[in-house]
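To start, the structure itself, in structure tokens.
Quick note: the coordinates plus some simple rules give every number you see, no bench work behind them. Given the structure is predicted, the values throughout are model-derived calculations rather than measurements. Reconstructed Cβ throughout: ideal geometry from the backbone, glycine too, with neighbour counts over all protein chains shown.
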Amino acid sequence: MNNLAKTFLLMAALTALFLMAGQAMGGRQGMIFALLAALAMNFFAYWFSDKLALAMGGAREVSPSEMPELHRAVADLAGRAGLPMPRLYVMESPTPNAFATGRNPEHAAVAVTEGLMRLLRPEEIEGVLAHELAHIKNRDILISSVAAVMAGAIGYLATMAQWAMLFGGGRRDDEEGDLGGVVGAVVMMIVAPLAATLIQMAISRSREYLADATGAGICGHGKGLAGALQRLSEYNQRQPMQVNPATAQMYIVNPLSGGTVANLFSTHPPIEERIKRLLSASNG
């Protein structure tokens, strides 16, 4: 199954889980209220996602005169990908890493660390930049935002159910309560948020695989990106970055743990598998 189909199925599963959770925990009215609240909060986060992410990463915008090589490389890759030139930012970190943000290709930004520009070879930098442009091309930020809306709504429903259990003793069994009642509410209160988080992480991993493949296509090969991933993983294991955990999933490799978190609970696929797929496609 390709990554696009996998993402579609995971999004469908997240939607179904949301509907089940709403039916079990809050009824139809509670489900609608939670969805509207989650939409409002996540719409704000999505609309201002670039400013928030760049601010939390301590990134500053750089002009072509400041970093001409970076601008030339991104302009060339963006042209190959059929994308407008994104804004470019640099983060003052010795650990090599990068991320892309922005609500659409016309309002996109790519941020790299000083360590990435200093420690990686030119073909590896090109691979990383192509990966980030692939996220923009594939509109991964939009997909991540939609997933966050659904997972957030499920979290709201669980919170509402907890208050209902405390003050109302759980909702009564009625025509809306096929899964309802106290037992159903308690089970969904515990299971639904965890399942939503796992599905959201699986979506993130699927989009990383797709960005690797798209980025390799932009470069014409995957060897540069494969080499970059290996070196990035090693550097981030030795010297994890100091970043807000909420933004960790945006980076090309996990900036906090360097891949020490169990794969099931990781927003990033295993580095070894990413490298294997890239090299296999290049040799094929």
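Close amide H partners of Asn97, meaning residues 5 or more places away or on another chain with modelled amide H under 5 Å apart, are Thr113, Leu116. Legend: calculated FRET efficiency, Gln29 to Lys51, from the Cβ-Cβ distance at R0 = 35 Å, rounded to 0.05, equals 0.50. Using a simple spin-label model with pseudo-atoms 7 Å out from Cα toward Cβ, Phe43 and Glu272 lie 4.6 nm apart.
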